[in-house]
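What follows is one structure encoded as structure tokens, with my remarks underneath.
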Amino acid sequence: MERTLVLLKPDAVQRGLIGKILGRFEDKGLKIVGLKLRKFPAALLEQHYAAHKERPFFKNLVKFMGSGPVVALALEGKDAIEVTRKLMGKTNARQAEPGTIRGDLGMSFSNNLVHGSDSAEAAKTELALFFPGAEETVAWEPANLGWIYSVEEELR
Ligand code: UDP
Ligand code: MG
């Protein structure tokens, strides 16, 4: 089992799409193990996007991400990082495939609704950044877990 960090960006919250987007992850079978709505401080967002520090869009990105409430999710599942990235679709929502969150719900390269960690290393760092306390995530067993995966898939 793997964990990943997902953010529902301010555009998703302002457009009233929290429920719809959360539902996509739930419907897929990813388990929500952490969930919070916050207006995150610029310093944290700068740290989160540190890899893009030299990119021309960095300043606007941090401003956008701090412009309103964001929903942070910790999701768990087999190959959760890759599965989440696929569900999100391409960064430019205009190019994202129909059926993906960005492809179905967005039109922008910047205001593209969701963030998802892109590697195991990033997931570890980002989860520690957005869910620093041990009590902020919950290990639990969904009642339907045995129906989401087959017994051969070694759930643990
Ligand atoms: N972004 C942007 N302009 C660009 C590239 C990226 O505004 O030319 C924003 C966009 O919101 C994107 C975020 O910066 O989601 C991080 O970029 P990345 O390449 O990591 O895309 P992602 O991993 O979110 O698909
Ligand atoms: Mg990225």
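Quick one: which residues, 5 or more positions from S117 or on another chain, have an amide H under 5 Å from its amide H? H modelled 1.01 Å from N in the peptide plane, none for Pro or chain starts.
The answer is L5.
Return a whole-number percent for the relative contact order of segment 1-78, with Cα pairs under 8 Å and 6 or more residues apart as the contact set.
Numbers: 104 pairs, mean separation 45.1, N = 78.
Normalised by residue count, the contact order of segment 1-78 is 58 percent.
For the chain, modelled as a Gaussian network with Cα springs under 10 Å, which listed residue fluctuates most, G103, G29, G133?
Among G103, G29, G133, the largest mean-square fluctuation in the Gaussian network model of the chain belongs to G133.
If each DSSP helix of 4+ residues adds -39,500 (n - 2.57) and the sum is divided by the residues in the chain, what number results at 222 nm, nearest 500 deg cm²/dmol?
Values: 8 runs with 60 residues, N = 156.
Using -39500 (n - 2.57) per qualifying helix, the result is -10000 deg cm²/dmol.
Exactly which trypsin sites (Lys or Arg not before Pro) in segment 36-141 are in a DSSP loop and have at most 15 other Cβ atoms within 10 Å? Numbers along the way, then the final one.
Values: sites: K36, R38, K39, K53, K59, K63, K78, R85, K86, K90, R94, R102, K124; in loops: K39, K53, K78, K90, R94.
Those satisfying the criteria are K39, K53, K78, K90, R94.
Give the Cα extents of the chain along the principal axes, in whole Å, largest first.
Reported extents, whole Å, longest axis first: 47, 36, 26.
If you plug each phi of segment 40-47 into the Karplus form 6.51 cos²θ - 1.76 cosθ + 1.60 with θ = phi - 60°, what whole-Hz ³J(HN,Hα) values come out, in order, with x for Gly and Pro?
Per-residue couplings from phi come out as 7, x, 3, 4, 5, 5, 5, 5 Hz.
Considering the dipole of the chain built from charges on the beta carbon (Lys and Arg +1, Asp and Glu -1) around the Cα centre, which of A123, T84, I21 is farthest to its positive end?
Looking along the dipole axis, the top candidate is I21.
Counting other beta carbons within 10 Å of each Cβ, put M1, M107 in order, fewest first.
Numbers: M1 14, M107 11.
Going from least to most buried by this count: M107, M1.
Given a 10 angstrom Cα cut-off, can you work out which residue in F130, F57, F25 is the most mobile in a GNM of the chain?
The residue with the greatest mean-square fluctuation here is F57.
Bear in mind that the values in this text are calculations on the coordinates, not laboratory data. This is a predicted model, so every value here is computed, not measured. Using ideal geometry, Cβ is built from the backbone for each residue, glycine included, and neighbour counts are taken over all protein chains shown.
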